[in-house]
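The values are calculated or read from the model by the stated rules, or taken from the named source; none is laboratory data. Model, not experiment: these values are computed from the prediction. Here the Cβ positions follow ideal geometry from the backbone for every residue, glycine too, while neighbour counts run over all protein chains shown. Please note that ligands, DNA and RNA were not included when accessible areas were found on the heavy atoms of the full protein model with its side chains. Shrake-Rupley method; radii C 1.70, N 1.55, O 1.52, S 1.80 Å.
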Amino acid sequence: MKTPEQCLDMTEIRTEIDNIDHSVIQLLATRFTYVKAASKFKKNTTEVQAKERFNSMLEQRKQWAIELGLNGDIIKDLYADLVRYFINEELKYFNDKEQ
């Protein structure tokens, strides 16, 4: 991986950005395996939705973003969409497990 300063042209910049995005998506896929595994420890759909955890997690991600010089509200919104998707998928997984 090249640093931004080592890139000699836009092609190299775009290649590095693509590599980073691929790594991020791989990590999200790994995160999802943990989400599915968590369903075996939950007793009902309320626990799957975990609204308090959801809200506190979003605030933590917002704070992390701010600490790293990013727009906390944008990252919070991004995670809200992502985690809602994961929760919906976990609910499907949880309900299939119950049947």
### Query
Among the listed residues Glu16, Glu90, which satisfies the condition of being in contact (Cβ under 8 Å) with a residue 24 or more places away in the chain and in contact with a Ser or Thr (Cβ under 9 Å, 6 or more places away or on another chain)?
Glu90
### Query
In segment 50-66, what residues are within 18 Å of Asn88 (Cβ to Cβ) and open to solvent by less than 70 Å² (accessible area, probe 1.4 Å)?
Ala50, Phe54, Met57, Leu58
### Task
Looking only at segment 41-49, decide whether some residue is assigned to a helix (DSSP H, G or I), within 22 Å of Ile25 (Cα to Cα) and either open to solvent by less than 70 Å² (accessible area, probe 1.4 Å) or among the aromatic types (Phe, Trp, Tyr) (or both).
no
### Summary
Counting only residues in segment 1-40 that are exposed (fewer than 12 other Cβ atoms within 10 Å of the Cβ) and among the basic types (Lys, Arg), the one modelled with the lowest pLDDT is identified as Lys40
## Note on the structure
Here the qualifying pairs (Cβ atoms under 6 Å; residues six or more apart or on different chains; first in segment 54-73 and of a type in the set (Val, Ile, Thr); second open to solvent by less than 40 Å² (accessible area, probe 1.4 Å)) come out as Ile66/Gly72
